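The next block holds one structure in the form of structure tokens; read it before the comments.
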């Protein structure tokens, strides 16, 4: 997955550049700023959509992650036979991080010159997230040890949506499916027989399908 993502990003950038050269227009390309309220339970997503042709736009986003509690529910509370990371509830809840995404959007029906980004669309999106879990101190046999953990997420989403506006407000509901690769790293200590200490320097890779359903809200230019 780590090797596939750079290749897909290069293809994305090449496609954007080629399309911009082939479809130049004297009219101004609009920019839309959006937020995704459906992800506020664990992160703040801010996105920018930039028109690059009559039927195509690029959407870039950054996310500030202030808790990883939803992943705790998926990892610890829902059992579908998956392997589970050795990360505590407190670490999941207090997890902090950043996320980035890039998508190329094709509008199935071209809009007008002044408002191209409207109507049904198809959008493949690549995403990356990095989550840092807080260190925890444990005391075993009167000795203190520090446990740590982190997570990398690589994802691909295939989205279908329909963007429309009312006055200056943009509504962008979407559904989709994809896959996510989560790579957990953790360093833990456990007591074993005869007063010994076991150091678990673990790495867990989880590959699961993902479903998307939500709405983005934004503003269109005057």
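Condition first: within 30 Å of residue 30 (Cα to Cα), surrounded by 15 or more Cβ atoms within 10 Å (Cβ to Cβ) and touching a helix residue (DSSP H, G or I) at 6+ places or on another chain (Cβ under 6 Å). Can you find one or more residues in region 171-185 that meet it? No: region 171-185 contains no residue that is within 30 Å of residue 30 (Cα to Cα), surrounded by 15 or more Cβ atoms within 10 Å (Cβ to Cβ) and touching a helix residue (DSSP H, G or I) at 6+ places or on another chain (Cβ under 6 Å).
Against the numbered list (1) under 18 Å from residue 212 (Cα atoms); (2) in contact (Cβ under 8 Å) with a residue 12 or more places away in the chain, residue 86 comes up short only at (1).
Table: residues versus (1) modelled with pLDDT of 90 or more; (2) in contact with a strand residue (DSSP E or B) (Cβ under 6 Å, 6 or more places away or on another chain); (3) over 19 Å from residue 217 (Cβ atoms).
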| site | (1), (2), (3) |
| --- | --- |
| 100 | yes, yes, yes |
| 112 | no, no, yes |
| 128 | yes, yes, yes |
| 131 | yes, yes, yes |
| 140 | no, yes, yes |
| 147 | yes, yes, yes |
| 156 | yes, yes, yes |
| 169 | yes, no, no |
| 178 | yes, yes, yes |
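Scanning region 30-44 for residues that are touching a strand residue (DSSP E or B) at 6+ places or on another chain (Cβ under 6 Å) and closer than 16 Å to residue 69 by Cβ gives 38, 39, 43, 44.
Summed over region 189-209, residues that are at pLDDT 90 or above and either surrounded by 14 or more Cβ atoms within 10 Å (Cβ to Cβ) or not in a strand (DSSP E or B) (or both) total 2. Among the residues making up region 139-157, those that are surrounded by 15 or more Cβ atoms within 10 Å (Cβ to Cβ) and over 13 Å from residue 87 (Cα atoms) are 140, 145, 152, 153, 154, 155, 156, 157.
The values are calculated or read from the model by the stated rules, or taken from the named source; none is laboratory data. These figures come from a predicted structure and were not determined experimentally. Ideal geometry is used to build each Cβ from the backbone, glycine not excepted, and the neighbour counts take in all protein chains shown.
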